[in-house]
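Below is one structure, written out as structure tokens, with a few remarks after it.
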Amino acid sequence: PLSLRMVEDMLAARGIIVTHQTIRSWAEKFGRHFAREIKRRSAGCLGDKWHLDECVVAINGKKQWLWRAVDQDGFVLEVLVQSRRNAKAAKRLMRKLLKAQGRTPRVMITDKLRSYDAARRDLMPGVEHRSHTGLNNRAENSHQPTRRRERTMKRFKSARQLQRFVSIHDPIANLFHFPRNA
């Protein structure tokens, strides 16, 4: 993971003199736009098998839940930070996911959390649901870059900062992700 100062040094080696603060402001200004455009262009070509998972992130000593949806090839479909881990939170993730994808999945794979099944029954009753801890490794592995970044930054400072980071990071990281079977 590149720091802002490393990017500053890389640009200086190529004759472009900017400060790390300028690079940070560029990332804030253009990052969301790039991520939104990437998501828009890749919305129709993603898989029909969704892996859903959540992991805990401690922010200022308070638990926040990072909910993530990944397709069968490992491309991140949607990420959401919430303070709860219940059926209402799972419904919110699924609604956001359905709105972004524009279609329902063929199969939904989750861990043993019962909230997923309750939300699926309300929003997507015709979708096959597989609930097993071993099947959901695709989504579990998708949390690793966020964990790596969390350690590098010495924790996230707020839920808003975490949501902003993952909503920009994941679509851009999808560009550099090559599925194993391709």
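The values are calculated or read from the model by the stated rules, or taken from the named source; none is laboratory data. The structure presented is a predicted model; accordingly, all values stated were derived computationally and were not measured. Every residue, glycine as well, gets a Cβ built from its backbone with ideal geometry; the counts of neighbours run over all protein chains shown.
Selection of first residues in the range 1-30 that are among the acidic types (Asp, Glu) and of second residues that are part of a helix (DSSP H, G or I), restricted to Cβ pairs under 8 Å at least 6 apart or on distinct chains, gives the following pairs, ordered by first then second residue: GLU8/HIS20; GLU8/ILE23.
Would it be correct to say that LEU113 is over 22 Å from ASN174 (Cβ atoms), touching a residue at least 40 places away in the same chain (Cβ under 8 Å), of a type in the set (A, V, I, L, M, F, W, C) and in contact with a strand residue (DSSP E or B) (Cβ under 9 Å, 6 or more places away or on another chain)? Considered against the rule, which asks whether it is over 22 Å from ASN174 (Cβ atoms), touching a residue at least 40 places away in the same chain (Cβ under 8 Å), of a type in the set (A, V, I, L, M, F, W, C) and in contact with a strand residue (DSSP E or B) (Cβ under 9 Å, 6 or more places away or on another chain), LEU113 comes out as yes. Listed by position, the strands (runs of 3 or more DSSP E) contained in the range 65-155 that have at least 2 residues being in contact with a Cys (Cβ under 9 Å, 6 or more places away or on another chain), modelled with pLDDT under 85 and over 30 Å from GLU37 (Cβ atoms) form an empty set.
Restricting attention to the range 83-118, the residues that are among the polar types (S, T, N, Q) and closer than 15 Å to ASP71 by Cα add up to 3. Exactly one residue out of ALA118, ALA58, ALA89 is without any contact (Cβ under 8 Å) to a residue 40 or more places away in the chain and surrounded by fewer than 17 Cβ atoms within 10 Å (Cβ to Cβ): that is ALA118.
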